[in-house]
1. Quick check on my filter: what residues within the range C:211-232 are within 10 Å of chain A (Cβ to nearest Cβ) and either under 19 Å from C:Trp77 (Cα atoms) or of a type in the set (Lys, Arg) (or both)?
2. Examine the range A:187-204 for a residue that is assigned to a loop (DSSP other than H, G, I, E, B), within 8 Å of chain C (Cβ to nearest Cβ) and surrounded by 21 or more Cβ atoms within 10 Å (Cβ to Cβ), and state whether such a residue exists.
3. For B:Ser22, indicate whether it is in contact with a Phe, Trp or Tyr (Cβ under 7 Å, 6 or more places away or on another chain) and within 16 Å of ligand 2 (Cβ to nearest atom).
4. Of (1) of a type in the set (D, E, K, R); (2) part of a loop (DSSP other than H, G, I, E, B); (3) touching a Gly at 6+ places or on another chain (Cβ under 6 Å), B:Lys275 satisfies all except one. Which?
5. So the check is Cβ under 6 Å with 6+ separation or different chains; which pairs have a first residue in the range B:35-57 that's within 14 Å of another protein chain (Cβ to nearest Cβ) and of a type outside the set (A, V, I, L, M) and a second one that's part of a loop (DSSP other than H, G, I, E, B) and near ligand 2 (Cβ under 9 Å from one of its atoms)?
6. Test each condition in (1) among the β-branched types (Val, Ile, Thr); (2) at the interface with chain C (Cβ under 8 Å from one of its Cβ atoms); (3) free of Cβ contacts under 8 Å to residues at least 12 places away in the same chain; (4) more than 30 Å from C:Thr239 (Cβ to Cβ) for A:Thr183 and report the one that comes out false.
7. How about the range C:233-265: which of its residues are over 20 Å from the mean Cα position of the chain (by Cα) and at the interface with another protein chain (Cβ under 10 Å from one of its Cβ atoms)?
8. Of B:Ile192, B:Ile148, B:Ile180, which residue is within 15 Å of ligand 1 (Cβ to nearest atom) and within 22 Å of B:Ile53 (Cα to Cα)?
Amino acid sequence: MQENALLARITWNTLITLLYFFLLAPIIIVFIISFDTRQYLAFPPESFSLGSYVKVFHNAKFISAFWRSLIIGGIVGVVAVSAGMLLSLSLVRYKFRGRAAVNFLILAPFLVPHIVLAVGIMLVIAPLGLLDSYPGIVLAHLGITIPYTVRTITMSLMAVDTRVEEAALVHGASPRMVFWRITLPLVRPGLIAGGVIAFLISFDEATISLFIVSVKASTLPTEIYHYLEYSTDPQIAALSVILILISVGVVVAVEKLIGLRRAL
Amino acid sequence: MADHHVIIDNLVKTYPGAQKPSVDHVSFSLPRGEMLALLGPSGCGKTTILRMIAGLIAPTSGAIRLDGEDVSSIAVYKRNMGMVFQAYALFPHMTIARNISFGLEMRKVGRAEREERVRKALDLVKLTGLGDRKVSQLSGGQQQRAAIARSLVIEPELLLLDEPLSNLDAKLRDEMRDEIRDIQARTGVTAIFVTHDQDEALSMADRLAVMSAGRLEQIGTPREIFDRPQTEFVASFIGAGTVFEGKVTEHGLAMVEDLKELRFVGDAPLGSPVKLMIRPHRLRLLTDAGQPNRFSGTVEHIVYRGQTLTLNVRCGSRLLQADLPTHAGMLPERGSTVTLSVAPEDVTLVGQVSP
Amino acid sequence: MSAAATAPTATSSTSAASRGILLMLLLPGLVALVITFLLPLIWLLRASFTSSTMSAFGGGDLTTQSYSTVLFDPFYWRVTWNTLVLGFNVAIFAVVLSYPIALFLARTESRFRGVLTALAVAPLLTSSVVRTYGWMVILGDRGVINSTLQSLSVTSGVIKLTNNSFGATVALIEILMPYAILAMLSGFGRLNAQLEEAAAMLGANRFKVFTRIILPLSLPGVLTAALLVFVLAISSFVTPRLMGGGRVFVLGTEVFNEATVTLNWPLAAALSVMLLVLFSSIILLYQRALRALEA
Ligand SMILES: Nc1ncnc2c1ncn2[C@@H]1O[C@H](COP(=O)(O)OP(=O)(O)O)[C@@H](O)[C@H]1O
Ligand SMILES: [Mg+2]
């Protein structure tokens, strides 16, 4: 009986370990490959070098795409959080006719495949001449990030005790002061979390971006995609590692600053 | 004792990584059909004992015997014990009837018999006709009954209940107290229930096992536990009381600080330090002179409680609490001096002072 | 926006002033959502009915030409079939492989639970392009598996693991597993250790506890996970395109192809609508199944 239980435990733990390994395999492999010396894809690595990283830093295309991704992600984060904050305020603090419809409009993008949205957005912004432009890609990313920011900010806002705001009013703060000095600081974790999520989605997004941008406003994921259509050399591995580290770094920073659990 | 139905023998449980054992050499036994309460403050190891008996966790050492046979190596699902969990743990995806018949299905009881027994179990707990309800459609008290029915329908060797009343509101709790007691008496099942509520334990159990910090302090009938607590812990955990330290000078007489002489009933060697306890409701306002155990003091505080009057009387450096019946005629006032007395048999020896 | 913080919570009879504030609050977000969500869907529908020989915005007559292509060209039958097969395979395997992890995370009392959960969903933080690349490295002709097999002399030739639907399926399974794990974890709310203990006390062995308690209680979570993965799989194109090396034809890759290479936008729109229809029917089926489970 005891032995059976032990055997079952060992089998179960082994299964879980193997599944974890499968789940993390591509990331682990990419990490290993990124230090290979050779110019072509092969395994296992021959020897250790940072050559691929050096090449990435000398690849003008990647570098400019990286900056564009960063800027686009930043703008998307700020705009999505601002719009999300206003929408959340109206949804949490007001009862109005059409509230359900607004709520649905906010949730609906969760329910539509990105590729379908991508074609639609392409059709909308093409006649405006916004294909392959910053405004075009920012707009495209806003549609898929605002639902997330509204969700996180709404949750923080609902956690705010309105009596605290009333207390501030009673003690002589004007409504404007109450908003800036009480409400805003209290929902700050939600704002930061929403901004980070929006940034990361925009920064990693490929599907919609590939329909919208080609050369002038290409982002890092789209550059990698086009590169991979022709070559799979270790340079991409090094670039991937950098991308992963940035994402993880942002998340860890948020965790350190405000605690992820509180933020999400 | 040896022919008792359930024997717990020197049970020890040290959780992995813990420094001290959560259950420390606990032994007790129950005759068939008895209801025993495991009583003690939260964290004293009651649940741990129950889970070891159930087979949900393995003891570090010690034995659990049913009819003389050690069941420690029998897997939980073969032990044939019933358990009522604190939060009931009814299966949310099954109807009440399916919940109750689950144990019978596991025992491969035929369909017709199953239905019959489920019906009887529902009757037993007064849930007749509610078998088709979903769990969420029952009130807290009804869920509690369903959980009891589920664990009784398998005709368990032993019924275990972990704080069965703690999730109910006060009124329902009193009702379910009687109900559980009644069901247990009617089925004659041997039962152990865990509680941290002394009223619950005193009113429901045939006997109480009082625990503190993993150790068994005292086991006995409600009356024995209440009137003859053997340790200071039991004395203070169950009911109110004032404990005095003193030294035995004659047989049945101790010199106690603040009260001078105190007569008691009990054996303690001459010259030994002792602890003596007096319950507030055993104190009397002195009427006729010549009684032993008299102490005078000033009334510092009075609380009128309807049936009783609670006095705090300063005797030397100590405050002595006395609960007097309000119909006792002249009642003392604050600041007045009163003389209290207590019968020697109401002074309980609750332990020796370790020097 | 200044008075927003103190606006009364439950008044339907809002004053004109606060109605003005409400409008200001709603406007920016709603405009953004209308432009990036509502309009695109309407434009999509309109474009799918325009003629492929004209610009998608040229006005002109409405035509069902694109739809007849989608519905009657055997090539698109095959593409739709491929898409469904890919979706089902990915959904089934992703769910089967994620289930033990989700169950483990839901039940473990380990101190490292938080870390392990983070590790299981961390891949979501990496672009799917990057993880697809990882699978190209693993399954490629000179990749991890082929070179290992060759150095062990198991095979001499190359086993084709990429540039076919096998590679696309494997990569998508792994890429979508974190979604499945998350969906299951949030769907496992009714699982708890006491129910399992209660079942064991009633005589259920390990196997019975699993089949009678754990499995039924986790089924809604499993179903949600399957739906989510299926839906993400049938609308994917980056992974099928890269892993398939142009040899895997699914709706996603064809939509991309028509939209950015052939520039037949009406056809891309019609294919997207097709995808949306497929998508909606699956969601309806899911809701049916969920209701059946509840009953
Ligand atoms: N699974 C466990 N692991 C480690 N320590 C535990 C565990 N369960 C209980 N304990 C410890 O054992 C002691 C007794 O707990 P328990 O039996 O639950 O007490 P009670 O039921 O009397 O409140 C407590 O100090 C508790 O912290
Ligand atoms: Mg307990």
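1. C:Val231
2. Here is the first cut: in the range A:187-204, the ones assigned to a loop (DSSP other than H, G, I, E, B) are A:187.
Right, trim to within 8 Å of chain C (Cβ to nearest Cβ) and you get none.
The answer is no, given that none of the residues of the range A:187-204 is assigned to a loop (DSSP other than H, G, I, E, B), within 8 Å of chain C (Cβ to nearest Cβ) and surrounded by 21 or more Cβ atoms within 10 Å (Cβ to Cβ).
3. When the stated conditions are applied, B:Ser22 passes them.
4. Of (1) of a type in the set (D, E, K, R); (2) part of a loop (DSSP other than H, G, I, E, B); (3) touching a Gly at 6+ places or on another chain (Cβ under 6 Å), only one is false for B:Lys275: (2).
5. none
6. Failed condition: (3).
7. Scanning the range C:233-265 gives C:Gly245, C:Gly246, C:Glu258, C:Ala259, C:Thr260, C:Trp265.
8. Of the residues listed, the single one that is within 15 Å of ligand 1 (Cβ to nearest atom) and within 22 Å of B:Ile53 (Cα to Cα) is B:Ile192.
The values are calculated or read from the model by the stated rules, or taken from the named source; none is laboratory data. Just so you know, these numbers come straight off a predicted model, no measurement behind them. Neighbour counts are summed over all protein chains in view; Cβ atoms, including those assigned to glycine, are modelled from backbone coordinates with ideal geometry.
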